[in-house]
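For reference, the structure is listed below as C-alpha cells.
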Amino acid sequence: MLLNEKSKRIIQVLMHENDVTLPLLTLMLPYSKRTIEYELERIQQWLSDRDLPRLEMEGTSIRLLDDPRIQEQVERAELLFSEDERELLIIFYTLTTDEFLSGVHYQQLLDVSKFTVQESLNAVKASAAQFGLDFAYTRRTGYHVNGHPQTIALYLYRAVERLVELSTKERLISAVIDTWQTDRDRLIKQIESYEQLHQFRFVESHREKLAYFLLLGSRLARTEAHDEEDVILFENTDESLREHFNQVPHLWVTLDMLVKSGPKMEEEMDANVQQDLSLVMMEVIERFEALSCTFIIEREALCEKLVLHSKATLQRVYTGLEAPRELERYVMKEHQVLNVLVDKSLEPFRKRIDKVIPKHEVMYYTLHFAAHLHRQGQHLDDKMKAIVVCPSGVSVSHMLDHILKNQFPEFVFLPPISQRDVERFAPLVDIVFTTVPLPRDVQRVAHVMLVPTLPTRLEQVALKREIGKRFFHNVQEVPLQLDDVMHVIEKHATVTNERQLRRELRALLNPNQNPMRSEGEQPVLNELITHDNVQLMERASDWQEAIRLAARPLEVTGAIETRYVETMIDNVEQHGPYIVLMPDVAIPHARPEDGVRELGMSVLKLTEPVVFPTDKPVRLFFVLAAIDQTTHLKALAQLTELLGNGTDLSEVLHAESIEQMLQVITKYSEEE
C-alpha cells in the first residue's frame, strides 16, 4: 500500500498534533469526513506493511505515537500520484525537456497504465487550450506545447501556482529536474536581493512561486522576439529587473508583470495615484452608505485601507493576473449580502479604471468593509496573548486575524506575522494560530493550533469548542444558528423547499421567539414590507410631507419615534438629496440611535412626484428603520436587485393596488 498526497498530509497533521479527533481533522483539512476515513484506512495499512505503530483510534479520537521511524519513513515514502499531480508532471516535463517525447516516456515518468497516461494527456491538452495553446503530438517532434512564448511562460506560472499548494511539490520537481535544491535556494536569494534593491518584500508564498517559476522557466526553449508588440513589451520591462535576472531574458516580460503585480509586504505609492484613489475610494464609501443605509465611522481609516489594497487590484486587473481565491468559500458563506452591496458600491472605481473588476477582487473589498463594521478594541492586560501565522499574504492574514479576534475576544492578538518570523515572536505569546504546520521548536515555546485559511461559521464554532477544551478544559457554549443547521443539511441532502424548511427549523430552534425571525438573523424583503406598511396616495404637498407620510406606518406601530422622521428630513436639508438613488426612487433613513425601536420598512407610492433639491423628482419612497449595521442588509440587497430591474420597477411604479406591488416584492424575497 502506498500513500498519496492526501494521506501524507493527514499523517503530517497527526505528527504535528499527536492526539486529534475526526471532527478536528475535517476542520483543519479541506477534505470531507468520508475522504478522511478512507485515507485513515490507507494509513493504517501503510503503517502495518512497514511494521510501524498503528494509529490508536477510539471513538472519534485518533492518536499517532511519537516514533521517529514514522517521520523518517514518511519523508522517504513513495507516493501514488494524484490526477492533479500527474497533470503537473506532464506540463513541467514537456516544457523543460528538449528530447522527443512519446506516450512511453510519460508512462515511465508516472508509473501508471497507458490508459491512465492518455487520460492525463487529455487533461493537459484541455488546460493548455484554455490559454490558447496547442498540446499535440507529431511523429517528427513528439509531444510539444505550441503557442506564443509569453503565453507559454504564463501557462507555466499558473501550473507553478498549483504546485506550491501541494505537500508533494518537492517530489514532483525531483521527478523532472535532478539536484535542483541548490538552484532553488540561489534563486530565492536572487529574488531577496532584488527586493532589497527596491526596498520592498514579497509575501512568502509569492516569493516561493517566483523561485519555482524561474527554476522551471530557465529550462524553457528560448526564442527571439520578432513581432513589433513583443519587442515593445521587451524594451519596456524594468531595466533593473533585466540586469538582475540576466540569465532568463526569455522570461523578462512575464517576470516583470509578476513582480509588479505580486503582493508585497510594504510598498510606497505614487502621490498622484494615492490622491486619485483616495477620492475614488471615498466616493465608494459614500455610495456604500447610501446603498446600505449605514453610516461609516472613521471614514478616513477605512479609505486608507481601501486605497492600499486598490493599488494591488490595479496591477492585477491591468496585467490580467488573478487575486488569490482563498476568499470565495468564506465570503459567500459569511458575507454574501454584504458582498452584493460592496460590489455595487465599487461602480465609481470601475468607471475610473474602465475595467471589469473580477469577483474575487470584490471579495477583498467586502472583507475590508466587514472588518471595519465589526472592529473591536483590545487592551493589553492579563489576557492570553495570541498571534496569527499565514503565508497567503497580508490581506488574507489580516482577515483571519479579524475572524479569530471576533471568536476569542478574551485574547490579546499581536499583529499577524509571516512564517519566517514565527520563531522570533512565538515566545511572546501563549497561542499561535497557523494555517501551515510549524516546526517542533515553536511548539515547545507556545501552544500551536492549526486552522483553515478562512474558517466558515461552522468551522469557527468547532474551533471555539476545541480551544475551550484544549486550553481551558471546558467546552465553549456557542449558540446554534439556523444557517449552521442549513449548511449541514445541504451537505447531505437536496432541499426542495428551503423557505419552508427554514421556517420550521427556526420554530424548532427558537420556540420562544417570533417564528418569523430569531435574533441576529437577517429578514428577507417581504418580511419587512407587509400589506399594512404600504400606502398608495395621489400626491403630497412637498418632499418633507412625503417623507412624513411614508414613515407613518412605522410610527403608528411604534417601530420608530417621531424624532426619527424629523432627523431624516434634517439630513436631507443638511447633506442634500443623497437618499434619492435614481429617478423616481428614494430610501429615507437615519441612524439607529436617532429613534429606531424595531427593524422595519414602509413604502409610499405617489401618483404625482414631489421634487427634492437639485430638481430630483420622486414618486416611490422606501423608508428604512435599521436597528444596527447589518440586520437589514439582506432585505436591502433584495430591494437593490429589484430597483436594478427596469421592468419590475416600472411594474411597481404603475401598480394600482398594494397587492400588485407586493407581488413584485415577493419575487425578490427568497432566502439565499
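Tabulated results
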| item | result |
| --- | --- |
| Residue list for the range 316-366, filter: more than 28 Å from Thr456 (Cα to Cα), in a helix (DSSP H, G or I) and modelled with pLDDT under 70 | Tyr318, Thr319 |
| Residue match in the range 373-390 (condition: part of a loop (DSSP other than H, G, I, E, B), closer than 29 Å to Val488 by Cβ, in contact with a helix residue (DSSP H, G or I) (Cβ under 6 Å, 6 or more places away or on another chain) and modelled with pLDDT under 80) | yes |
| Extreme residue, nearest to Leu255 (Cα to Cα), among residues of the range 124-153 that are touching a residue at least 40 places away in the same chain (Cβ under 8 Å) and not polar (S, T, N, Q) | Ala153 |
| Extreme residue, surrounded by the fewest Cβ atoms within 10 Å (Cβ to Cβ), among residues of the range 552-585 that are of a type in the set (Ser, Thr, Tyr) and outside any loop (DSSP other than H, G, I, E, B) | Thr562 |
| Condition met for Ile569 (touching a helix residue (DSSP H, G or I) at 6+ places or on another chain (Cβ under 6 Å) and farther than 24 Å from Thr530 by Cβ) | yes |
| Every residue from the range 538-557 that is closer than 20 Å to Glu656 by Cα and within 42 Å of the chain's Cα centre (by Cα) | Ala550, Pro553 |
| Hits in the range 192-216 - residues which are acidic (Asp, Glu) and touching a Pro at 6+ places or on another chain (Cβ under 9 Å) | Glu204, Glu208 |
| Pairs where the first residue, in the range 56-78, is over 15 Å from His16 (Cβ atoms) and assigned by TED's automatic domain parsing to the domain that holds Ile10 and the second is at pLDDT below 90 and assigned to a helix (DSSP H, G or I), C-beta under 6 Å, 6+ apart | Thr60/Leu22 |
| Of the criteria (1) outside the structural domain of Ala123 (by TED's automatic domain parsing); (2) touching a residue at least 40 places away in the same chain (Cβ under 8 Å), which one Leu95 fails | (1) |
| Out of Leu25, Leu40, sole residue that is under 28 Å from Val461 (Cα atoms), at pLDDT 90 or above and in a helix (DSSP H, G or I) | Leu40 |
| Whichever residue in the range 346-361 is touching a residue at least 40 places away in the same chain (Cβ under 8 Å) and under 18 Å from the mean Cα position of the chain (by Cα) and, among such residues, is surrounded by the most Cβ atoms within 10 Å (Cβ to Cβ) | Leu346 |
| Qualifying residue in the range 135-142 (condition: more than 14 Å from Glu83 (Cα to Cα), surrounded by 15 or more Cβ atoms within 10 Å (Cβ to Cβ), out of contact with any Asp or Glu (no Cβ under 7 Å at 6 or more places or on another chain) and not small (Gly, Ala, Ser)) | yes |
| Cβ-Cβ under 6 Å pairs, at least 6 apart or on other chains, the range 176-200 side modelled with pLDDT under 90, far side among the acidic types (Asp, Glu) | Phe200/Glu266; Phe200/Glu267 |
| Of all residues in the range 586-628 being over 33 Å from the mean Cα position of the chain (by Cα), part of a strand (DSSP E or B) and farther than 19 Å from Leu536 by Cβ, the one that is modelled with the lowest pLDDT | Lys616 |
| Matching option when the condition is in contact with a helix residue (DSSP H, G or I) (Cβ under 9 Å, 6 or more places away or on another chain), surrounded by fewer than 16 Cβ atoms within 10 Å (Cβ to Cβ) and assigned to a helix (DSSP H, G or I), among Leu156, Leu197, Leu172, Leu187 | Leu197 |
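The values are calculated or read from the model by the stated rules, or taken from the named source; none is laboratory data. All values reported here derive from a predicted model rather than from experimental measurement. We place every Cβ from the backbone using ideal geometry, glycine too, and count neighbours over all the protein chains shown.
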